[in-house]
1. State whether the residues of the range 249-256 include one that is buried (at least 19 other Cβ atoms within 10 Å of the Cβ), touching a residue at least 40 places away in the same chain (Cβ under 8 Å) and either in a strand (DSSP E or B) or of a type in the set (Phe, Trp, Tyr) (or both).
2. Within the range 288-306, take every residue that is in a strand (DSSP E or B) and over 16 Å from Gln243 (Cβ atoms) and give me the one that is farthest from the chain's Cα centre (by Cα).
3. Do we find a residue being outside any loop (DSSP other than H, G, I, E, B), of a type in the set (Gly, Ala, Ser) and surrounded by fewer than 17 Cβ atoms within 10 Å (Cβ to Cβ) anywhere in the range 317-328?
4. Go through the residues of the range 361-380 one by one and say whether even a single one is part of a helix (DSSP H, G or I), in contact (Cβ under 8 Å) with a residue 60 or more places away in the chain, of a type outside the set (Gly, Ala, Ser) and in contact with a Gly (Cβ under 6 Å, 6 or more places away or on another chain).
5. Here is a list of conditions, (1) of a type in the set (D, E, K, R); (2) touching a residue at least 12 places away in the same chain (Cβ under 8 Å); (3) assigned to a helix (DSSP H, G or I); (4) out of contact with any strand residue (DSSP E or B) (no Cβ under 6 Å at 6 or more places or on another chain), and Arg338 meets all of them except one; can you say which number that is?
6. Of everything in the range 337-368 that's surrounded by fewer than 17 Cβ atoms within 10 Å (Cβ to Cβ) and charged (D, E, K, R), which residue is modelled with the highest pLDDT?
7. Of all residues in the range 115-163 being in a helix (DSSP H, G or I) and of a type in the set (Ser, Thr, Tyr), which is farthest from Ser20 (Cα to Cα)?
8. Among the listed residues Pro303, Pro297, which satisfies the condition of being at negative phi and without any contact (Cβ under 8 Å) to a residue 40 or more places away in the chain?
Amino acid sequence: MNEGRLTVSRFLAVERAVRSAPPHALLDAARSALVEHYEAHGVELLMADYGLTVLQPVTALPHTARPLPLHTSPEGRAFGSQEPFGQYAAEDGAVDLHLPVTVRGDRLGILTVRLPKHRCSPQAVDELTSLAELLGHEIIVAERDTDLYLQARRASRLTLAAEMQWQLLPGRSCARQEYAIGAQLEPAYAIHGDNFDWATTAENLTLTITNGMGEGIQASLLTNLAVNALRNARRAGIGIADQAALADQALYAQHAGAQYVSTLLLSFELATGRVRIVDAGSPQLWRQRDKAVERIPIEAQFPLGMFDETPYVAQDFQVLPGDRLIFVSDGVYAAVSRRGEAYGERALARAIQAASLLAAAAVPRAILGELSAYRGDAADDDELVVCLDWFGRGTP
């Protein structure tokens, strides 16, 4: 009984320290509390960079500590598996415990806690795993008031257009009982106009995939207008066909058809798997069901903002538990190799198949890696991949 009370007491002590810390001092507060209550020898926080290639240490100033490779380091192993990973340190037989810092499926980074071997019990690992998740929630809130954690995510400088785009995104992944979503944009540090967005209620998931035309700031401004027009319409509580119509009007009023945005809008009924979809442009939808990978044909309608007062009609299809949906922009399926050969549907289907065993959050980076190897040179267009794994709602 006393040990149980002690366990609760030390957990709550660390939680209080983190929650009461200033936004820029979350790591310092966590480090001090973990040293005091768990006998930690050291505590480090690493953030996944925008390109998902390295883990960047959070320091007082950005880029003052060596980044770690995401795919070949013990910390990267914990990030990829989303499971705690223990590693014996060279000093004193201590254990470096690498813990995922993840918020509702959005993978932010890794918290590494060096513990004496005798303190690295299963119970302590469970507690520290929960504390790492708590730290993630506090980081999300703290980012309203400090740039420290956003600075730590960048391995190089973002272009202004990319800065605008990343600030517009809801996250890079999310998960709940009925589904898991993973998404990635490339070139991560110089993205122009591609975008994804999602919002959920108790009964529905709304997902949009946007392919903005143009380059640089103009593309980012155009997409910003489109995404916020869609959000404004969605938050008014109307269906996706009317959301598309209102966003279409907002874009046409601003640009009179000279600039427009290609968008897929989807609304999922969480209880049934029924999907309503509006195809307003170029992003493609693919489905992997069992071992079969195929493109889902949707009746194409005009991009948002191309014509005045365009009417939009939603179509229906059904997703089943176990289905994987993949959304790609034209920068993916229309990419060409150094020899001028289009990437095409066959190569894309192979890339989707090759990522079958990965979790949704890891799929976009894997597909974009296959595309990069095919393309060879740096991308000359935005590349967007979104993966949605559908689990469905089980019988209560």
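The values are calculated or read from the model by the stated rules, or taken from the named source; none is laboratory data. Just so it is clear, the model here is predicted, and its values are computed rather than measured. Don't worry about glycine lacking a Cβ; one is built from the backbone with ideal geometry, like all the others, and counts go over all protein chains shown.
1. Scanning the range 249-256, I find at least one residue that is buried (at least 19 other Cβ atoms within 10 Å of the Cβ), touching a residue at least 40 places away in the same chain (Cβ under 8 Å) and either in a strand (DSSP E or B) or of a type in the set (Phe, Trp, Tyr) (or both), so the answer is yes.
2. So, considering only residues that are in a strand (DSSP E or B) and over 16 Å from Gln243 (Cβ atoms), the one farthest from the chain's Cα centre (by Cα) is Ala300.
3. No, the range 317-328 contains no residue that is outside any loop (DSSP other than H, G, I, E, B), of a type in the set (Gly, Ala, Ser) and surrounded by fewer than 17 Cβ atoms within 10 Å (Cβ to Cβ).
4. Yes: the range 361-380 contains one or more residues that are part of a helix (DSSP H, G or I), in contact (Cβ under 8 Å) with a residue 60 or more places away in the chain, of a type outside the set (Gly, Ala, Ser) and in contact with a Gly (Cβ under 6 Å, 6 or more places away or on another chain).
5. Failing condition for Arg338: (3).
6. Arg350
7. For the range 115-163, the residue satisfying everything is Thr129.
8. Exactly one residue qualifies, and that residue is Pro297.
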